[in-house]
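Step one of this worksheet: look at the structure below.
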Amino acid sequence: MILIHSLVGFIGWILNLYTWIIIAAALITWVSPDPYNPIVRFLGQVTEPVLRPIRRLIPTYKTGIDLSPLIAIILIQFIERVILPSLLF
């Protein structure tokens, strides 16, 4: 049982970290970043596998705003607050 609690806590920590990475990637798009900057490249490589499928479902050409980071964060929060606690029972 302790192993399950530790594993759920670790997964929660990883999801929280990933949320902050998504926020950083979204904020950096507001400026004109150098695409060859290692930090910009890292953020793109880490977040694109999650954001790309969401962008396919909700294209930005209809709204003009990329809502994929917001939707990804909402999904991560759902996993953290609903699914992970249900694993503990």
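Worth pointing out:
- Residue selected from region 1-20 under the condition of a type outside the set (Phe, Trp, Tyr) and surrounded by 15 or more Cβ atoms within 10 Å (Cβ to Cβ), by the criterion nearest to Phe89 (Cα to Cα): Val8
- Annotation: Tyr36 fulfils all but one of (1) over 17 Å from Ile71 (Cα atoms); (2) in contact (Cβ under 8 Å) with a residue 40 or more places away in the chain; (3) among the hydroxyl-bearing types (Ser, Thr, Tyr); the unmet one is (2).
- Check on Ile11, within 24 Å of Leu84 (Cβ to Cβ), touching a Pro at 6+ places or on another chain (Cβ under 9 Å) and hydrophobic (A, V, I, L, M, F, W, C): no
- Leading residue by the ranking (nearest to Phe10 (Cα to Cα)) among those in region 56-76 that are charged (D, E, K, R) and surrounded by fewer than 15 Cβ atoms within 10 Å (Cβ to Cβ): Arg56
- Here is the figure for region 6-61: residues that are more than 12 Å from Ile73 (Cα to Cα) and among the hydroxyl-bearing types (Ser, Thr, Tyr) total 6.
- Condition met for Ile79 (within 19 Å of Ile14 (Cβ to Cβ) and surrounded by 12 or more Cβ atoms within 10 Å (Cβ to Cβ)): yes
Quick note: the coordinates plus some simple rules give every number you see, no bench work behind them. Keep in mind that this is a model prediction, so the values were computed, not measured. Note that each Cβ is placed from the backbone with ideal geometry, even for glycine, and that neighbours are counted across all protein chains shown.
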